Each structure stands twice: as C-alpha cells, then as structure tokens.
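K.L.:
Below you will find the structure I want to go over with you.
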Amino acid sequence: MSIREVKGSVGLFSGRFDPPHLGHLLSIARLGRQHEVHVVILDHPEQKYPIAYRLQVFKEAVSYLQGGPYHVSANKVHFGRINRSELALYKFDFYASGNMACVQRMESLGYPCYYVERAYEYAATNDRIAKAVMEAMG
C-alpha cells in the first residue's frame, strides 16, 4: 500500500531501534511528511543498548525533523508479545514499519498497515557510532 493510500493522520512506527541509526530516522521523516507519527521503542531480550538510551536518542533526533508532529515513547514489551490491549495505549490510525514480519503481525491483529521502504544505505552495518555516544553519555 502506498503512503498516499493510507487513511488517517496518525501513524504508529515501532521497533527495537537497536542501535538507532540514520535509516530509522529517514523512515520516520518520510512518514512525517504527510502524517503525525508516534514512535514506540520496544524492548527485546537480546538488546545491545538500554531502552532509556534509545528513547533519549530518538527524542532528541526527531526534534530536528520537519513535518510531524513526532511523539516518542518506550514500551517494555517485546513485539512478539504485543497485543490489542498493549496497543490501546496509543491513539493511531495505521501502523507502519520497515519490517514485513511486523506489518503482517499488525495486519493479523486487524490494523491497517503500511510497509516503509528501508533505507539500507543508512542502516547500522556496525555500531561504532552508537558505542561512542554511549561512552560519551557516561
């Protein structure tokens, strides 16, 4: 489905974002050109970076993006266990993700979904930058 075909004005964009990288921000910015975006950072048992760090990075980063508005929050649930009651915490009209498995999961829960084209050229192929930021934060 094309972003232009998506009905509604508020998109939910969730993920581990571990480590956060420019590819994530580009995907969020693409959505934000036409929609309000709620970014939810999810927990995972194999996380590399603490959820508080990822939350701080995204809150700061989206303040520089045009469009939106953008809202950032964290939820200490693993996506594989997310359900409609967890999702009721967020007001959104559609779900968006660059992870097809997540899109399919949300479709199975009855939500309208949009697959966001991934920005592979900006993805974290290694996490040296994130490690340097973590060290600088103490």
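Where a number appears in this text, it was derived from the coordinates with a stated rule and is not lab data. Not measured: the values here are computed from a predicted model. Quick reminder, even Gly has a Cβ in these numbers, built from the backbone with ideal geometry, and neighbours come from all protein chains shown.
K.L.:
Tell me whether the stretch 1-123 comes out rounded, prolate or oblate; compute the Cα gyration tensor, take square roots of the eigenvalues as a ≥ b ≥ c, and use a/c under 1.5 as the rounded threshold.
P.N.:
Working: a/c = 1.41, a/b = 1.07, b/c = 1.32.
Taking the square roots of the gyration eigenvalues as a ≥ b ≥ c, the stretch 1-123 is rounded.
K.L.:
List the residues, sorted by chain then number, that are 5 or more residues from Cys113 or on another chain and whose placed amide H is less than 5 Å from its amide H.
P.N.:
It is Tyr95, by chain and number.
K.L.:
How far apart, in nanometres, would the label points at Lys91 and Gln66 be if each is projected 7 angstrom from Cα along the Cα-to-Cβ direction?
P.N.:
2.7
K.L.:
Can you tell me the FRET efficiency between Glu135 and His78 if r is taken as the Cβ-Cβ distance and R0 is 25 Å, rounded to the nearest 0.05? Show your work: numbers first, answer last.
P.N.:
Values: r = 27 Å, r/R0 = 1.08.
With R0 = 25 Å, the Cβ-Cβ based efficiency is 0.40.
K.L.:
I've got another one for you. Run the simple label-point estimate for Ser9 and Gln47 please: 7 Å along Cα→C-beta, distance reported in nm.
P.N.:
Between Ser9 and Gln47, the label points sit 3.2 nm apart.
K.L.:
Right, something else. PRE reach from Ser108 (point 7 Å along Cα→Cβ): which of the stretch 71-86 fall under 14 Å by backbone N?
P.N.:
Residues 79-84 qualify, since their backbone N sits under 14 Å from the label point.
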